[in-house]
1. Where does each of 22-28, 114-120 land if you order them by average Cβ count within 10 Å, highest first?
2. For the chain, just give the cysteines left without a disulfide-compatible partner, judged by no other Cys Cβ under 4.7 Å.
3. Convert each backbone phi in segment 18-28 into a coupling constant with the Karplus relation 6.51 cos²θ - 1.76 cosθ + 1.60 (shift: θ = phi - 60°), then list the ³J(HN,Hα) values in order as whole Hz, x for Gly and Pro.
4. Below 8 Å, C-alpha to C-alpha, sequence gap of six or more: please give me the relative contact order for the chain in percent.
5. Can you check what the net charge comes to around V24, using other residues whose Cβ is under 12 Å from the Cβ of V24 (Lys, Arg +1; Asp, Glu -1)?
6. Where Lys and Arg each count +1 and Asp and Glu each count -1, what net charge lies around R48 among other residues with Cβ under 14 Å from its Cβ?
7. Of all the Cα-Cα pairs you can form in the chain, what percent are over 25 Å apart?
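Coordinate-derived values only; no laboratory data. If you're wondering where the values come from, they're calculated on a predicted model, not measured in any experiment. As a convention, Cβ positions derive from the backbone with ideal geometry for all residues, glycine included, and neighbour counts pool all protein chains shown.
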Amino acid sequence: MDCLFCKIVAGEIPSHKVYEDEFVYAFLDIYPCSEGHTIVLPKKHFGRFTDMEEGDAASLFAFVNKVAKTLEKTLGLEGMNIGINNGEIAGQTVPHVHVHIIPRRVGDGEGNMHTIVELHPSTDNIAELAESIREAFD
Ligand code: 5GP
Ligand code: ZN
């Protein structure tokens, strides 16, 4: 498999691992946005978060919760951003699903996830939009 993160999981490419079990792997980002920026991924290869089954996604997030709490305790954090760049349009550069945990500290820029996108749509049709999404659930 020609996948950077599969190679990291297999130990073919070195990484600063912080945790590993049978299903998941976590390591420090090589180009950290902040000190302690951690990448969490399932060992099994999925391209995108939306390629995963709900059960696999739930297991991944249970583990993300565990890593986030450990970072909070170890680094003395007051908060962090936890997120996924899902798809190239959203900034995903490595096509193996992974969750970013980015520690936040006072004076670091103070932006939140809402600042990622600059174009804000009109809310005129927000009720119809919500209805069409509600109806699409299985
Ligand atoms: P994405 O943009 O796909 O959500 O995030 C990919 C992340 O992987 C980036 O934050 C990038 O710094 C990190 N990354 C890319 N190559 C390597 C690598 O070889 N080792 C580590 N530890 N992180 C990497
Ligand atoms: Zn992979």
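1. 22-28, 114-120
2. C33, each lacking another Cys Cβ under 4.7 Å.
3. 10, 6, 7, 9, 4, 10, 10, 8, 9, 8, 7
4. Relative contact order comes out at 23 percent.
5. Once all neighbours under 12 Å are counted, the net charge is 0.
6. It works out to a net charge of -3.
7. Of all Cα-Cα pairs in the chain, 36 percent lie more than 25 Å apart.
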